[in-house]
Each structure stands twice: as C-alpha cells, then as structure tokens.
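Q: So that we are looking at the same thing, I have put the structure below in structure tokens.
The values are calculated or read from the model by the stated rules, or taken from the named source; none is laboratory data. Not measured: the values here are computed from a predicted model. Accessible surface areas use protein heavy atoms only, side chains included; no ligands, DNA or RNA. Shrake-Rupley method; radii C 1.70, N 1.55, O 1.52, S 1.80 Å.
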Amino acid sequence: MKRYILFSGDDYYPAGGMKDLRGYFDTKGGAIDAFEEWKEKSIWDVDWHQIYDTETGTIEDSRD
C-alpha cells in the first residue's frame, strides 16, 4: 500500500467520505501535485484537500 491518501472536494457539494478519495501516493509531494492538477482540470470547484499519512496517522488539512 502507498503511504499517502488524498481526499479533496468542494465545500458546497462534498461527496462525503470515500467518495472524496482521489488516489494513493508514495510521497506527500506526489499527492499535492495530483491535487493541484485535478483542481486545474476539474469543471467543479475544488475548495479543500486532506492528505492522510498511513504510517503516522496524521492528516494534513488545507482548511487548517
């Protein structure tokens, strides 16, 4: 399993839970790059992201 899991969505229409999952990544930088690329290409508003570190159990939240 890859170490980092990316979740993202918009504040107005969040899909919720696993429906906001965007992918699994080996590096935190890879997850951030994927978020930026998805945000740029998305036809919907993308307001937030969370990156879960499966080794430490910590969450980086863009809304903090």
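Q: What accessible area, in Å² to the nearest ten, does a 1.4 Å probe give for MET18?
A: About 130 Å², rounded to the nearest 10.
Q: Express the C-alpha Rg of the chain as a ratio against the empirical globular expectation 2.2 N^0.38 Å, rounded to two decimals. Each step should come with its number before you reach the end.
A: On the way: Rg = 11.1 Å, N = 64, 2.2 N^0.38 = 10.7 Å.
Scaled against compact globular proteins, the figure is 1.04.
Q: Given Cα pairs under 8 Å that are at least 6 residues apart, what percent is the relative contact order of the chain? Intermediate results must be reported in sequence, preceding the final value.
A: Numbers: 99 pairs, mean separation 25.2, N = 64.
RCO, the chain: 39 percent.
Q: Further question on the same structure: Mind telling me which of TYR12, TYR24, TYR52 comes out most flexible in a GNM of the chain, alpha-carbon contacts under 10 Å?
A: Checking each option, the largest mean-square fluctuation is seen for TYR12.
Q: Rank these by accessible area, largest first, 1.4 Å probe: ASP11, ASP61. Before the final figure, lay out each step's value.
A: Working: ASP11 95, ASP61 35 Å².
Sorted descending by solvent-accessible area, the residues read ASP11, ASP61.
Q: What is the gain in length, in nm to one decimal, between LYS2 and LYS39 on full extension, counting 0.36 nm per residue of separation less the C-alpha to C-alpha distance?
A: Numbers: separation 37, 0.36 × 37 = 13.32 nm, distance 2.17 nm.
Contour length minus the Cα-Cα distance gives 11.2 nm.
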